Amino acid sequence: MTEGYHIDDELPQRSYDGRLMRRLLSYTRPYRNSMLAATGLLLLLSVLNNITPLLIMRAVDRYINNPARALLETDNTADAEAINAVMAVDARGLTLVVAALGALMIGQAVVRYSQVLLVSVIGQKCMYDMRLELFNHIQRQPLRFIDRNPVGRLLNRITNDIEKIQQTIVGGVVAVISDMLTIVVVLFVMLYVNWQLALVALCPVPFILATSVIFRKYAQHSFLEARRKIARITAWMQEHISGMAIVQLFGREAFAYQEFKRRNAAHRDEWLRQVRNFAVYFPTVEFFSSLSTALIILYCGVIFMMTGAEQSGLASVGTIFAFILLAERFFGPIRALADRYNLLLEAMAASERVFTLLDTAPEIQDLPGSLEAPRFEGMIDFDGVWFAYDEESVSNGKETQWILRDITFHVQPGEHVAVVGHTGAGKSTLLNLLARFYECQQGAIRIDNRDIRDYQLRSLRKQIGIVLQEPFLFSGTIEANIRLGNAALTMERIRECAAYVNADGFIERMPGGYQYHVGERGGNLSTGQRQLIAFARTIAHDPAILALDEATSNVDSETEHLIQKAVEKLLRSRTSIVIAHRLSTIRNADRIIVMHHGRIRETGDHEELLARNGLYRTLYELQYAEQTG
Ligand code: ADP
């Protein structure tokens with residue numbers, strides 16, 4: 001059973017990979033300065049964050065729990081004036097501390113704002129670069145690549161995967177750096193303020209680390225499993241929504257519903273498992289961080305009791321306050337790290353998929369020393385061409401399913417050749433090879449006595465006009481569809497071309513004429529109209545060689561007439577190979593090639609071939625005879 005998704009869409013169970021991370025981070029290289037600034041701001045933020053507990057410590061020890069005042073207050077001989085003086089100092093000091101705290105908060109907000117902004121900008125820029133690179137890369141791939149990679153999967157790379165990577169760069173990596181910095185800074189501050197107390201406060205750390213390691217193991221599994229399940233649901237749903245007509249036609253709704261229910265439940269259960277993991281993990285870590293607070297208080301309590309005074313120098317009330325706050329700042333990031341690890345893993349998987357795609361070198365590219373093709377005379381030679389779509393079967397010596405076998409023919413400049421044969425005989429494949437969409441495994445194809453591999457791809461394809469059975473139109477205006485980005489074409493020339501292939505009549509009747517908006521894939525035009533536009537497009541780009549796959553679909557007789565006339569004009573003054581379905585095209589051809597199971601069975605003109613009483617005659621009687629009327 002096919003699951004409708006692809007193995008490499010799943011997230012592999014992998015761990016942190018430094019090599020991938022380095023490659024990922026290399027995208028931030030052009031923004032190195034911003035990245036450095038962002039990291040600097042993060043460090044500043046961690047430091048600012050930890051000043052608060054220190055200020056509070058100072059406030060408590062100096063002004064709230066002022067030892068001098070306490071001494072005065074307990075001293076019966078002290079006069080009220082002295083006490084008041086000390087109190088005034090306390091009030092001033094406290095005000096200063098509060099003001100400092102306020103300033104600190106504002107400072108923190110400003111730094112955080114700049115930092116978030118900077119990192120987001122870097123993230124977006126990296127994503128932009130990466131998408132551009134990926135799109136450009138996909139564009140340069142041969143059609144064989146598109147055969148192997150469903151469009152949905154490629155789209156997923158360009159959209160979702162890159163989005164995930166971006167989120168990680170912004171959310172994951174930066175957050176992890178920030179967490180690490182915070183941990184280090186807090187540790188430093190703790191040790192600086194009171195190293196004995198610091199050691200006490202950190203006692204629960206090994207337990208937290210152990211819990212995190214165990215949690216990570218379970219959470220990672222559930223996390224990947226849940227993602228995998230949602231990927232399957234999405235793929236399955238996509239298939240069933242696109243195939244809705246079949247589902248409804250065959251009354252498969254109930255079955256589809258049950259199947260969806262099953263998949264949906266599996267996904268829900270996986271998430272519930274994950275929720276349970278979190279439900280155990282967070283309270284456990286919470287417990288250990290509270291334990292740290294308890295230990296701080298316990299330790300100080302014992303010290304106070306033993307020394308009989310808090311001013312023993314071992315710990316002050318302010319220090320207790322500061323440590324409780326610091327401990328919180330210390331355990332928060334540790335708690336978050338386990339969670340962030342998941343994010344990181346997901347981005348690792350996404351980046352691995354993107355990089356794998358980026359690393360597939362285009363199989364068909366310009367060979368070293370290839371030359372810009374001059375305007376072709378139009379002589380074509382197929383010389384002992386063997387071709388199979390399944391490339392691997394050729395190289396690994398397994399039984400190869402040859403689609404073209406030993407094809408040899410010669411076309412004179414300006415000659416019109418019609419190719420006929422049953423469906424699957426390999427006719428379209430001939431055209432695909434001519435434009436080097438695929439490469440033959442044996443033999444050679446030459447244009448004007450030069451192997452087509454000697455020409456630069458672009459210059460070769462520019463001169464071969466291929467019109468497919470189902471012409472592809474992009475969403476946009478009719479004008480844009482004829483122009484296809486060629487700014488050199490004037491509007492006048494576009495009108496001329498349309499008129500030449502009889503497309504002007506219907507175009508001008510459309511609302512807006514040449515500015516009429518064609519729907520996606522030309523949805524709001526009839527097949528015949530789409531063909532005429534495709535003809536105009538081909539004429540406008542004036543190829544030296546025309547490769548036409550005539551449409552088989554029925555169009556109304558008026559359009560049929562227009563198309564027939566247009567085809568005749570298209571063929572004028574250029575070499576052409578037409579996969580013919582119209583009797584008129586076949587009759588007008590200088591030569592007919594009859595293909596059968598990838599081989600050339602017969603060649604000759606219409607009369608000759610009919611007289612031969614072979615495959616052509618059978619085909620003629622099956623397919624074309626009725627067109628004579
Ligand atoms: P025709 O145009 O004569 O109908 P084609 O050249 O389209 O025949 O196809 C010849 C054979 O090649 C068919 O068996 C078809 O299944 C196979 N084929 C066509 N295109 C592909 C492709 N992209 N990948 C694999 N096989 C293909």
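The values are calculated or read from the model by the stated rules, or taken from the named source; none is laboratory data. Note that the coordinates shown come from a computational prediction; the quantities given were computed from them, not determined experimentally. Counting neighbours? That spans all protein chains shown, and the Cβs are built from the backbone with ideal geometry, glycine included. Ligands, DNA and RNA are excluded from the accessible area calculation, which covers all protein heavy atoms including side chains. Shrake-Rupley method; radii C 1.70, N 1.55, O 1.52, S 1.80 Å.
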**Item:** Three-way shape call for the stretch 472-542 based on the alpha-carbon gyration tensor, with the a/c threshold at 1.5
**Value:** rounded
**Distant-in-sequence amide H partners of HIS596 (H built 1.01 Å from N, under 5 Å)** = ARG601
**Theoretical FRET efficiency, 1/(1+(r/R0)^6), r = Cβ-Cβ of ARG493 and TYR128, R0 25 Å, to 0.05** = 0.10
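What is the percent carbon and sulfur in the accessible area of the stretch 472-542, measuring with a 1.4 Å probe over the protein chains and ignoring ligands?
About 52 percent, which is the carbon plus sulfur part of the accessible surface.
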**Request:** Calculate, in nm to one decimal, what LEU622 and TYR257 gain on full extension: separation in residues at 0.36 nm each, minus their alpha carbon distance.
**Result:** 126.9 nm
**Fill in**
accessible surface per residue for the stretch 250-394, probe 1.4 Å, DNA/RNA/ligands not counted, whole Å² -> 51
**Prompt:** If R0 is 51 Å, what FRET efficiency do you get for PHE472 and VAL205 from their C-beta distance, rounded to 0.05?
**Reply:** 0.25
**Request:** Count the DSSP beta bridges whose two residues both fall in the stretch 498-629, then state the antiparallel fraction as a percent rounded to the nearest 5.
**Result:** 50
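For the stretch 7-358, with all protein chains present and a 1.4 Å probe, just round the carbon and sulfur fraction of the accessible area to a whole percent.
Carbon with sulfur: 67 percent of the solvent-accessible area.
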**Request:** Within 10 Å, count the other beta carbons around each residue, average over each peptide in 365-374, 47-56, and list them highest first.
**Result:** 47-56, 365-374
**Fill in**
The rounded separation in angstrom of the Cα centers of the stretch 248-271 and the stretch 487-515 is 50
**Prompt:** Rounded to the nearest 0.05, what FRET efficiency is calculated for THR74 and VAL121 with R0 set to 41 Å and r the Cβ-Cβ distance?
**Reply:** 0.10
**Asked** Roughly how many Å is it from the Cα centre of the stretch 561-585 to that of the stretch 83-118, as a whole number?
**Response** 85
**Asked** Modelled label-to-label distance, ASP605 and MET87, 7 Å Cα→beta-carbon offset: nm?
**Response** 12.4
